[in-house]
Every structure is written in structure tokens, then in C-alpha cells.
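K.L.:
Here's a structure for you.
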Amino acid sequence: MRASDIAMYEAKRAGRQQYRFYDHEMNGRARSRLMLEESVRTAIENRDFNLVYQPQVAVADGRLRGFEALLRWQHPSVGDVPPGLFLPLLEEARLISRLGSWIYQRSAGQRKAWEALFAEDLVVGVSLSSTQFAMPHLVTELRQVLERHGLQSRHLEVEVTEEALMHNPEETRKQLRLLRNLGVRVALDDFGSGPCSLSHLRDLELDTLKLDRHLISRLPDSSRDAALVRNVIDLCKEYGMLVVAEGVETLAQYQWLQANGCEYVQGFLVARPMMAEDTGLFVQPFDWGALTG
Ligand code: G
Ligand code: MN
């Protein structure tokens with residue numbers, strides 16, 4: 001079976017079925033799981049995983065705020081496997097911890113390498129899955145990674161989704177407190193991609209809000225989305241949170257965001273995610289004038 005088939009099959013199953021019982025499919029499933037685990041181990045060893053980096057720039061003056069690190073899996077025979085397919089599987093297979101450590105090391109090393117190129121306050125954004133966020137040793141591990149690469153904690157922004165924060169409110173509060181004590185920034189990722197709750201903005205100590213690309217995609221034409229986004233931006237301002245719009249693809253979206261007080265954008269309009277070695281070619285500050293004519 002090809003890795004993409006395994007991934008597709010397992011991902012569908014995971015979404016459909018919360019309970020388990022023994023049935024005749026089990027053998028096949030267990031075997032696929034084993035093959036997937038094997039693929040991931042090999043992939044880490046063979047460096048088939050890769051991080052690409054997408055810039056975040058200021059709406060006002062194009063200043064480069066930082067880069068978000070995005071995971072890619074270039075499977076030798078299957079090709080590019082989308083993160084949406086393989087991440088849930090790694091979670092289930094408890095392989096995410098190993099991959100997570102690799103991601104922290106790699107992105108911190110990259111942030112260090114950028115010192116020679118970019119401003120001192122440049123931020124690297126790293127997404128955490130629910131499992132990663134819930135790990136008891138997360139903060140200890142991040143502290144060690146920062147020390148090892150000689151980075152300030154404010155150089156790192158971890159991105160968590162509402163889904164990850166919802167599981168256990170008590171533990172969430174503790175983990176957020178520990179992260180903030182360490183001094184890393186915390187961003188709420190993918191806000192508006194699904195059900196979203198304003199009480200999270202009110203109750204949790206967050207530094208940054210990332211507007212999901214699904215909220216941005218119908219701007220500026222959808223007056224309902226526009227009303228929602230405008231008010232979320234205002235709310236974040238009141239709460240002292242910084243707002244980054246993701247998935248910005250058009251000039252009209254950029255202009256709307258500018259008119260409505262959004263401070264930073266990330267999206268194809270500015271740049272696609274790029275290989276580490278290409279980030280040095282990113283011209284900054286980004287020239288908004290060249291787009292607007
Ligand atoms: O689900 P999430 O919002 O984290 O999606 C991140 C993915 O979106 C990345 O894999 C990245 O390649 C992709 N992406 C980045 N910028 C854009 C964009 O402007 N438009 C779209 N459609 N996708 C984008
Ligand atoms: Mn993210």
C-alpha cells in the first residue's frame with residue numbers, strides 16, 4: 001500500500017470513529033499503522049520532512065515581523081503528503097513528540113541563522129498540535145531549545161488552536177501560564193476556521209490572534225464576514241492582542257485589512273512558504289507600493 005493511501009484511509013477512519021472494537025478490519029488497520037509508523041521513522045532519518053517558512057509583514061510599512069515554520073513531508077515515492085493528512089496520524093501513533101522535538105530544534109536553528117540577516121526582534125512561529133501543547137515537558141523542552149541556540153524567548157511564538165485549548169481548561173490555564181513565564185509568545189491559530197469562541201479571547205492570556213484564511217477568503221465582498229472580522233480585530237485591540245491575517249491573497253483583501261486596523265498579514269499576496277535557503281532573498285521591508293501601483 002502506498003503511504004498516501006494509508007494516510008487517506010486512516011485519516012478518514014479517525015474522523016468517523018471514536019470508539020474501537022475488534023473486527024476483521026483490525027489486522028489490516030494495525031498493519032497500515034505499522035507501515036505508517038515505519039514511514040515516519042524513516043522519513044525523520046532520511047530528512048524527508050522539511051520546514052518551509054512564510055513571512056508575516058506589517059500592513060502599515062511592510063516591515064518583516066517574522067516567519068511561520070510550516071511542515072512538509074516529501075515522500076520519496078508518493079511526493080508531497082499534505083500535513084492535514086499525516087499530522088492526525090502521527091498524533092494517534094504517538095510519533096508527534098519525536099517530530100515535535102525535531103521541529104523545535106530546526107526552527108530555533110533557523111531563527112539563529114536569521115540573526116545575520118534580519119532585525120533583532122524577528123519572530124519564528126511554530127504550530128503546536130493538541131498533543132504537543134498538552135505535553136508536561138513542553139516548557140522544559142522549549143527552554144532547553146532556546147538555550148541551546150542562544151535565543152531570547154520572545155523570538156519564539158507558539159501557535160495553538162482553540163481545539164487544543166478546549167480539552168482541559170484547568171491544564172490549559174497552567175500550560176499557558178508556564179509558557180508566559182518562560183516568555184515565549186502564544187498565538188491563537190486558525191481563529192474562525194470552525195466554531196470559535198469570544199470567551200477564549202476574553203479569558204486566556206494570549207499575545208497574538210491569527211485570523212484563519214477561511215475568514216479572509218470572502219473579504220471584502222461578504223458583509224457578514226467583514227462585520228465579524230472587523231469586530232474581532234477591535235476586540236483584540238482592546239485586549240492588547242496583536243492580529244495577523246492568514247491566507248491573504250488579493251490586493252482587495254489587503255486594502256480592506258488596512259482600512260480595518262489589522263496590523264500584520266501572511267499569505268500568497270506577500271509570499272508563498274519558502275525553503276530556508278530562499279528566505280534570505282526575501283526583500284524587506286516588503287514593498288506594498290509595488291502592488292498598489
Ligand atoms: O490551516 P492553516 O491556516 O494553518 O494553513 C496553512 C497552510 O496554508 C500552509 O500549508 C500554507 O502553505 C497555506 N497557505 C499559506 N498562505 C496561503 C494563502 O494565501 N492562501 C491559501 N489558500 N493557502 C495559504
Ligand atoms: Mn500555524
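The values are calculated or read from the model by the stated rules, or taken from the named source; none is laboratory data. The model shown is predicted, which means the values in this text are computed figures rather than measured ones. Glycine gets a Cβ as well: all are built from the backbone with ideal geometry, and neighbour counts include every protein chain shown. All accessible areas refer to the heavy atoms of the entire protein, side chains included, with ligands and DNA or RNA removed. Shrake-Rupley method; radii C 1.70, N 1.55, O 1.52, S 1.80 Å.
K.L.:
Tally Lys/Arg at +1 and Asp/Glu at -1 over every other residue whose Cβ is under 15 Å from the Cβ of Glu249; what's the total? Walk me through the numbers before you get to the answer.
P.N.:
On the way: positive: Arg213, Arg218, Arg272; negative: Asp212, Asp221, Asp225, Glu246.
That sum, taken over residues with Cβ under 15 Å, equals -1.
K.L.:
Roughly speaking, what % of Cα-Cα pairs in segment 69-192 are separated by over 24 Å, rounded to a whole number?
P.N.:
28
K.L.:
Using only Cα atoms and rounding to the nearest 10 degrees, what angle (0 to 90) does helix 96-113 make with the longest principal axis of the chain?
P.N.:
In the chain, helix 96-113 runs at an angle near 40 degrees to the longest axis.
K.L.:
So how tilted is helix 3-16 from the main axis of the chain? Cα-based, degrees 0 to 90, rounded to 10.
P.N.:
Roughly 80 degrees, rounded to the nearest 10.
K.L.:
Now for a separate question. Among Thr279, Leu188, Thr292, pick out the residue whose Cα is farthest towards the positive end of the charge dipole of the chain, where Lys and Arg carry +1 and Asp and Glu carry -1 on C-beta, about the Cα centre.
P.N.:
So the residue furthest toward the plus end is Leu188.
K.L.:
Taking Rh as the Kirkwood radius computed over C-alpha pairs, what is the Stokes-Einstein D of segment 119-231 at 37 °C in a medium of viscosity 0.692 mPa s, expressed in µm² per second? All intermediate terms of the calculation are to be shown ahead of the outcome.
P.N.:
Values: Rh = 15.1 Å.
Reported coefficient: 217 µm²/s.
K.L.:
Follow-up question, since we're still on this one. Given an 8 Å cut-off on Cα distances and at least 6 residues of separation, report the relative contact order of the chain as a percent.
P.N.:
Details: 429 pairs, mean separation 56.9, N = 293.
Relative contact order for the chain comes out at 19 percent.
K.L.:
Evaluate E = 1/(1 + (r/R0)^6) for Asp203 and Ala58, where r is the Cβ-Cβ distance and R0 equals 41 Å; express this FRET efficiency to the nearest 0.05.
P.N.:
Numbers: r = 28 Å, r/R0 = 0.69.
Using R0 = 41 Å, I get an efficiency of 0.90.
K.L.:
Find how many whole Å separate the alpha carbon centroid of segment 258-293 from the alpha carbon centroid of segment 161-237.
P.N.:
That distance is 22 Å.
K.L.:
Treat the chain as a sphere of radius equal to its Kirkwood radius over Cα pairs and apply Stokes-Einstein at 25 °C in a medium of 0.890 mPa s; give the translational diffusion coefficient in µm²/s, rounded to a whole number.
P.N.:
Details: Rh = 20.3 Å.
My calculation gives 121 µm²/s for D.
K.L.:
Of all the Cα-Cα pairs you can form in segment 41-104, what percent are over 20 Å apart? Spell out each step's value before the answer.
P.N.:
Working: 723 of 2016 pairs.
Cα-Cα pairs in segment 41-104 separated by more than 20 Å: 36 percent.
K.L.:
Any idea of the accessible area per residue across segment 51-94, 1.4 Å probe, to the nearest Å²?
P.N.:
Values: 1610 Å² over 44 residues.
With the other protein chains kept in place, segment 51-94 gives 37 Å² per residue.
K.L.:
Using only the alpha-carbon atoms, how far is helix 138-149 inclined from the longest principal axis of the chain? Give it as 0 to 90 degrees, nearest 10.
P.N.:
Tilt relative to the chain: about 70 degrees.
K.L.:
Give the value in nm², to one decimal: projected area of the alpha carbon convex hull of segment 181-293, averaged over all directions. Please list the in-between numbers first.
P.N.:
On the way: hull surface 33.8 nm².
The directionally averaged projection comes out at 8.5 nm².
K.L.:
Could you tell me which residue out of Pro136, Gly261, Leu204 lies farthest along the dipole of the chain toward its positive end? Charges go on the beta carbon: Lys and Arg +1, Asp and Glu -1, centred on the Cα centre.
P.N.:
In the chain, that residue is Pro136.
K.L.:
I need the phi-derived Karplus couplings for segment 201-212: 6.51 cos²θ - 1.76 cosθ + 1.60, θ = phi - 60°, integer Hz, Gly and Pro marked x.
P.N.:
5, 6, 9, 9, 7, 10, 8, 9, 10, 9, 6, 5
K.L.:
Work out the length of the dipole vector of the chain about its Cα centre, built from +1 on the beta-carbon of each Lys and Arg and -1 on the beta-carbon of each Asp and Glu, and round it to the nearest 20 debye.
P.N.:
Working: 34 positive and 40 negative charges, 112 e Å.
Value, rounded to 20: 540 debye.
K.L.:
State, as an integer percentage, the relative contact order of segment 127-170 based on alpha-carbon contacts under 8 Å between residues 6 or more apart. Can you show the working numbers first?
P.N.:
Values: 21 pairs, mean separation 27.1, N = 44.
62 percent.
K.L.:
Compute the FRET efficiency between His167 and Trp102 as 1/(1 + (r/R0)^6), taking r as their Cβ-Cβ distance and R0 = 22 Å, and round to the nearest 0.05.
P.N.:
Values: r = 24 Å, r/R0 = 1.09.
The value I calculate is 0.35.
K.L.:
If I compute solvent accessible area with a 1.4 Å probe over the protein chains, what percent of it on the chain is carbon and sulfur?
P.N.:
Numbers: 7480 of 14680 Å².
C and S atoms contribute 51 percent here.
K.L.:
Next up: To the nearest 0.05, how large is the calculated FRET efficiency for Ala226 and Ser130 if R₀ is 22 Å and r is the Cβ-Cβ distance? Could the numbers behind the result be given before it?
P.N.:
Details: r = 31 Å, r/R0 = 1.39.
Plugging the Cβ-Cβ distance into 1/(1 + (r/R0)^6) gives 0.10.
K.L.:
Over the Cα atoms of segment 248-293, Rg to Rh with Kirkwood Rh, two decimal places?
P.N.:
Working: Rg = 11.6 Å, Rh = 11.7 Å.
Computed over Cα atoms, the ratio is 0.99.
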